[in-house]
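The values are calculated or read from the model by the stated rules, or taken from the named source; none is laboratory data. No experiment lies behind these values; they were computed from the predicted model shown. Note that we place each Cβ from the backbone using ideal geometry, even for glycine, and neighbour counts take in every protein chain shown.
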Amino acid sequence: MQNETLHVHPPSADDSEFGGLSLPIHRASTVVFETAEAFESRHERIYDGYSYGLYGTPTSRALERQIAALEGATRALLTPSGLSAIALVCLAVAKTGDRILMPFSMYGPARLLASRLLQALGIETVGYDPMIGTGIAELLDVRTSLVWLESPGSVTFEVQDLPAVVAAARGVGAVVAADNTWATPILFNPLVHGADISMQSLSKYASGHSDLLMGSLAVRDETLFRKLKDTARLLGLGVNPDDCFLCARGLKTLPLRLRQSERSAIQILEAIRSHDAIAKVLHPSLQSHPGHEIWKRDFDGSNGVFSLVFAPASKGALQQAFGSLRYFKIGASWGGATSLMAPSDPRDSRPDLDWLPDGQVVRLSIGLENVIDLIEDLTGFLSVIAGAKQARPGRIAGTELETTWQSRGD
Ligand SMILES: *Cc1c(COP(=O)(O)O)cnc(C)c1O
């Protein structure tokens with residue numbers, strides 16, 4: 001072998017006695033075949049085997065199998081982001097003339113997808129009140145091919161009655177898809193409760209370190225899986241094996257991270273929620289929260305992503321309060337180790353929020369810092385809003401918070 005050839009065709013190392021505990025990373029665009037016949041029939045490998053790096057590698061397939069197992073599914077499909085997973089479902093399931101239902105509380109960019117791209121394709125999207133329950137029957141018709149749920153919803157966290165929506169959607173044969181990013185399969189399992197598709201943004205809690213973007217779709221129906229995979233292939237959607245590795249590594253600690261985030265959130269809420277500067281707390285564990293009873297019925301706990309509505313305060317006071325934060329960073333993509341706060345305005349786009357008091361809504365993501373530091377940071381934030389010089393902790397609140405983690409043995 002000549003020198004140049006040896007640079008391209010190195011000797012292989014024997015890995016037969018190597019055992020490791022992490023997911024091997026297979027980087028590939030080209031996949032090579034044993035025979036010309038195998039190459040010619042490579043498209044048959046789209047669902048299970050390997051034909052091109054874009055359509056799957058042993059790394060992505062392994063992560064897909066893990067997600068499927070966690071979701072109680074038979075199949076899972078990875079996409080380059082959570083939003084691309086939502087878009088893929090809409091494009092695979094709905095066609096021109098169809099209707100899609102989306103809760104008003106759905107992830108904002110998905111609603112933009114509906115009003116811009118889907119509408120231009122002749123697919124109508126109708127928004128609905130996430131608390132609609134069986135009332136969804138009135139919005140369903142023969143054109144309705146897809147019903148989305150997001151429970152709890154983005155920013156306002158209403159918990160939806162998924163079994164009631166599924167029962168109604170069955171009547172018109174619509175596919176039911178649920179965005180399960182907040183709960184992850186640890187807290188809620190949409191497929192077990194009757195949904196056809198469970199979607200997650202793995203960029204959030206699942207990967208958990210704010211350093212990658214990925215989405216997943218989990219299903220039990222092989223025909224539906226193939227429809228999704230075929231559409232992903234037409235759109236050229238694939239995932240990066242390094243990101244799969246990081247996501248698989250993140251998943252190992254997801255149960256611990258989620259539990260810690262829930263525990264800290266409940267301690268934080270106990271410490272601050274009766275402060276005068278707070279008009280309302282939006283967290284499913286509160287008895288007063290929309291859908292709390294459904295959360296208790298269907299979910300196995302909560303987490304550290306919730307919102308606070310501040311009593312009306314001047315913009316200047318809020319800006320000054322954000323400026324005073326030490327550990328909380330200002331940012332949107334929640335579920336990581338670093339605690340985050342993000343001002344948001346759900347009222348902009350929603351006709352159903354008459355129950356929400358006036359004032360700035362701020363979403364929080366409680367990370368893995370020590371909870372004492374986080375309480376101190378938030379107490380300082382509240383003092384700035386209240387115009388007080390001295391940080392003071394709020395009263396410890398009564399019994400309204402349901403600390404599910406206590407009843408789960410710790
Ligand atoms: C972030 C998010 C998405 C989108 O995920 P990306 O991976 O950022 O595209 C979808 N749904 C929910 C509920 C989210 O929070």
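Worth a mention:
- Restricting region 32-62 to residues that are aliphatic (A, V, I, L, M) and under 19 Å from residue 230 (Cα atoms), the residue that is nearest to the chain's Cα centre (by Cα) is 54.
- Taking strands (runs of 3 or more DSSP E) as the structural unit, those lying wholly within region 167-285 and holding at least 2 residues that are within 14 Å of the ligand (Cβ to nearest atom) and modelled with pLDDT of 95 or more correspond to 175-179, 197-201, 215-219.
- Residue list for region 179-197, restricted to those being more than 10 Å from the chain's Cα centre (by Cα) and closer than 17 Å to residue 146 by Cβ: 190, 191, 194, 195, 196, 197
Listed here are the residues, each with its yes/no results for (1) assigned by TED's automatic domain parsing to the domain that holds residue 345; (2) under 26 Å from the mean Cα position of the chain (by Cα); (3) modelled with pLDDT of 95 or more.
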position	(1), (2), (3)
367	yes, yes, yes
374	yes, yes, yes
381	yes, no, yes
389	yes, no, no
394	yes, no, no
398	yes, no, no
401	yes, yes, no
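- Scan of region 322-371 for residues that are surrounded by 15 or more Cβ atoms within 10 Å (Cβ to Cβ), more than 24 Å from residue 291 (Cβ to Cβ) and among the basic types (Lys, Arg), ordered by number: 329
- Among the candidates 243, 276, 230, residue that is more than 23 Å from residue 192 (Cα to Cα), among the acidic types (Asp, Glu) and without any contact (Cβ under 8 Å) to a residue 40 or more places away in the chain: 243
- Condition check for residue 87: under 30 Å from residue 253 (Cα atoms), of a type in the set (A, V, I, L, M) and without any contact (Cβ under 8 Å) to a residue 40 or more places away in the chain: yes
- Only one of 233, 226 that is in contact with a helix residue (DSSP H, G or I) (Cβ under 7 Å, 6 or more places away or on another chain) and among the basic types (Lys, Arg): 233
- Exactly one residue among 48, 98 is acidic (Asp, Glu) and modelled with pLDDT under 95, and that residue is 48.
- Subset tally (residues that are in contact (Cβ under 8 Å) with a residue 60 or more places away in the chain and over 18 Å from residue 276 (Cα atoms)) for region 332-362: 14
Okay, residues lined up against (1) in the same structural domain as residue 235 (by TED's automatic domain parsing); (2) in a loop (DSSP other than H, G, I, E, B); (3) farther than 20 Å from residue 78 by Cβ:
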| position | (1), (2), (3) |
| --- | --- |
| 6 | no, no, yes |
| 17 | no, yes, yes |
| 29 | yes, yes, no |
| 32 | yes, yes, yes |
| 37 | yes, no, yes |
| 44 | yes, no, yes |
| 50 | yes, yes, no |
| 61 | yes, no, no |
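- Qualifying residue in region 56-74 (condition: away from the ligand (no atom under 16 Å from the Cβ), over 19 Å from residue 222 (Cβ atoms), of a type in the set (Lys, Arg) and surrounded by fewer than 24 Cβ atoms within 10 Å (Cβ to Cβ)): no
- Residue 325 being over 23 Å from residue 264 (Cα atoms), assigned to a loop (DSSP other than H, G, I, E, B) and modelled with pLDDT of 95 or more: no
- Cβ-Cβ under 9 Å pairs, at least 6 apart or on other chains, region 100-125 side part of a loop (DSSP other than H, G, I, E, B), far side among the β-branched types (Val, Ile, Thr) and away from the ligand (no atom under 16 Å from the Cβ): 121/96; 122/96; 123/96
So that you can scan it fast, the table gives a plain yes or no per residue for (1) of a type in the set (Asp, Glu); (2) more than 23 Å from the chain's Cα centre (by Cα); (3) surrounded by 20 or more Cβ atoms within 10 Å (Cβ to Cβ); (4) closer than 16 Å to residue 299 by Cβ:
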{"residue": "121", "(1), (2), (3), (4)": "no, yes, no, no"}
{"residue": "129", "(1), (2), (3), (4)": "yes, no, no, no"}
{"residue": "139", "(1), (2), (3), (4)": "no, yes, no, no"}
{"residue": "146", "(1), (2), (3), (4)": "no, no, yes, no"}
{"residue": "151", "(1), (2), (3), (4)": "no, no, yes, yes"}
{"residue": "154", "(1), (2), (3), (4)": "no, no, yes, no"}
{"residue": "160", "(1), (2), (3), (4)": "no, no, yes, yes"}
{"residue": "171", "(1), (2), (3), (4)": "no, yes, no, no"}
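- Per the conditions (1) part of a helix (DSSP H, G or I); (2) among the hydroxyl-bearing types (Ser, Thr, Tyr); (3) more than 11 Å from the ligand (Cβ to nearest atom), the sole criterion not satisfied by residue 84 is (3).
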